[in-house]
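To keep things clear, I will list the structure first and then write my remarks on it.
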Amino acid sequence: KFNRDGSEEEFVAAIAPDYFYVDGIYGKIYYKDGSGDISSMNLDGTGNTSIISSTGNIRGITGNPGEKLYFCDVATNKVYSADLDGGTPTDLGVSPVASPVSPVYDFYSERLFFIESPNRVSFVGTDGKGYRTFATNEEVNLINFNGRIQVDSANGWIYAVNNTPPGNIYRFPIFSRDYEIIGSATGNSPDGIFIDYEEDKIYWYETNASGI
């Protein structure tokens, strides 16, 4: 972990998670471990514990801080919720969905946004109701959503990265076919993306450049 300016870097834990999510309110880091389960640890890296057994092939973890966990599974084609301690994993009953990945909880709309095959963006309420697909790759000129997305529904934007060359960073209005390229990754391989609402900044991780 480190400050926004990159200073005071501090080692937390030696893990190699495919997906992770930080709940600063509850004081936990959640991640998909090597067994395919969801594990948690304290923010200082202690207390590493498996809390949710693999449902098949978990591909993304998010949450409502201090309230709930949510995750997607491409093997079962389902979206799940769970308590912060891993209790009561529940299928939200969203159907049909196709290979859901990269869920994002949006604070303003209180919805879950996620990517589905073939490269379309969908949302659903946290109660499993109100499912809708509102952007497909054809609607946004074949943008390949194989990276991550972030949602800024307060301002009406979705941000996405394409982690194949040329490695562009996009944003497009919710419910719109129009998009704009707002940046291009140095290493042509942007992967994770994050919005800092307080500083009005966007951060992303570049696989080939091994940097943020």
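The values are calculated or read from the model by the stated rules, or taken from the named source; none is laboratory data. Please read all numbers here as calculations on a predicted model, not as lab measurements. All Cβ positions, glycine included, derive from the backbone under ideal geometry; neighbour counts span all protein chains shown. In case anyone asks, the SASA skips ligands and DNA or RNA and just uses the protein heavy atoms, side chains included. Shrake-Rupley method; radii C 1.70, N 1.55, O 1.52, S 1.80 Å.
Mind listing P(r) for region 82-122? All alpha-carbon pairs, 5 Å bins, whole percents.
Calculated over all Cα pairs of region 82-122, the distribution is 6, 19, 22, 27, 19, 6, 1 percent.
Considering the alpha-carbon set of region 33-139 alone, what are its Rg and its Dmax in angstrom?
Rg, Dmax (Cα atoms, Å): 13.8, 45.
How much accessible surface area, in Å² rounded to 10, belongs to the heavy atoms of Lys201 with a 1.4 Å probe?
Its accessible surface works out to 110 Å², give or take rounding.
Taking the full set of protein chains and a 1.4 angstrom probe, give the accessible area of Leu43 in square angstrom, rounded to the nearest 10.
70
Between beta-carbons, use under 12 Å as the cut-off and find the net charge around Met41, counting Lys and Arg +1, Asp and Glu -1.
Once positives and negatives cancel, what remains is -2.
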